[in-house]
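Chemist: What follows is a structure written as C-alpha cells; I'll ask about it next.
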C-alpha cells in the first residue's frame, strides 16, 4: 500500500533553491520577516510565501535563535537544524543583545558563488541555509504538511541520519566540485524529509494536522487507503471502515485533526493528483478524470474549478 508521505512527495516535487553558506563572525545578526511579496526561484518561477519552507543548520559554532511566538531565545550549537514554514519570523544572531541588520534575502544577494561572509571579525559561526519550493502547493493537504517551526537538536539520538545528511550537505557546499550544486539540492530535499520524520518521531501526539493524522493508527489507515487508490468512490462509511471506527467517531476525529471533512480531503487530493496529470500533455481530459475517480470530464471539470478556481484548460494556460 502506498503511504501518504511517499504519495505527497512523489506528487508535489520538492525543489531546493537559494542554497548558500553563511560564514558569520561576531557580532552578527540576520532576520527572516513574514513577507507577503512574491519570491522568485532561480528558474524564474514565481512562488507565493505559502509555497515555501526555509531551512538552516549550524555546521560550526554557536548562535541564538529568536522565533515569533516563542518568548525566550533558543541557544543553537553545531549540528542543530531548523525548518520554517508559512512566513514565520525569526532572528539568528551571535548574542540575544545583537541587533540584526540584514535579512536572509539580503544575505543571499551578497553570496559570492554560494558563500557569504558577514560580521565583525569575532568568533566564527557557519550556517548552511536554503529554501524549498513545492510545485502547485495550493491545497489544504499540502499546506498542512508543515508546522510553522521545527527544531531538531544535534544531541537527539533519533536524528543520526539527519546529521549525516547535514554534514554531507555542508561538505558538498564547501567542496565546490563539478556537480556540487545538483548534489547539494538533492541532499537538501532528503534533509527536508528526514526533518519531518524526526519531528514526528519525537512528538507524535503534540500537534494536530496532516502529519499527526498520518502517524495516528486509525487516521493513518484511512489516509493510506485514500492515497493508495484515489479513484475509489470513497464514502465516509467506507473510510470509517478502513480506520476501524464508527462513522460518527471517524468523521469527528478526522475533522478535528485535519480541519476538513474526509470527503473534502478526498476531493482536494484528487485535484492535486489531477494537476500533476494535466501537466503530462499526452493525457486526454477524460483519462485524467477517470484516473482520479470521475466517470465524465464534465463532472471532473466542475469539481476541478470548484477546488482550484479555474477549469482544467484555464489552469494549464495560467501555468504556461
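Throughout, read-outs are computed from the coordinates displayed, never taken from laboratory work. Bear in mind the structure is a predicted one, so any value in this text is a computation, not a measurement. Every residue, glycine as well, gets a Cβ built from its backbone with ideal geometry; the counts of neighbours run over all protein chains shown.
Chemist: Report, to the nearest 10°, how far helix 297-308 tilts away from the longest principal axis of the Cα atoms in the chain, using its own Cα long axis and a range of 0 to 90°.
Modeler: Helix 297-308 sits roughly 30 degrees off the main axis of the chain.
Chemist: Can you compute the modelled spin-label distance between residue 238 and residue 261, with each label point 7 Å from Cα toward Cβ, in nm?
Modeler: According to this spin-label approximation, the distance is 1.7 nm.
Chemist: Taking each pair of distinct Cα atoms in the chain once, what is the resulting Kirkwood hydrodynamic radius in Å?
Modeler: About 21.2 Å for the chain.
Chemist: In square nanometres and to one decimal, what's the mean projected area of the convex hull around the Cα atoms of segment 147-190?
Modeler: 3.7
Chemist: I would also like to ask the following. Working out 0.36 nm times the residue gap between residue 246 and residue 25, then minus their Cα-Cα distance, what length gain in nm do you get to one decimal?
Modeler: 73.6 nm
Chemist: Also: Choose one answer from 216, 256, 282: the residue with the largest mean-square fluctuation in a GNM of the chain with alpha-carbon springs under 10 Å.
Modeler: Looking only at 216, 256, 282, the largest GNM fluctuation is found for 282.
Chemist: Using a Gaussian network model of the chain whose springs link C-alpha atoms within less than 10 Å, name the residue from 211, 278, 83 with the highest mean-square fluctuation.
Modeler: Maximum among the listed residues: 278.
Chemist: Using a Gaussian network model on the chain with a 10 Å cutoff between Cα atoms, which of 78, 18, 244 fluctuates the most?
Modeler: 244
Chemist: Hey, another quick one. Remind me, what semi-axes does segment 211-319 give for its equivalent ellipsoid, largest first in whole Å, using sqrt of 5 times each Cα gyration tensor eigenvalue?
Modeler: So the three semi-axes of segment 211-319 are 28, 13, 12 Å.
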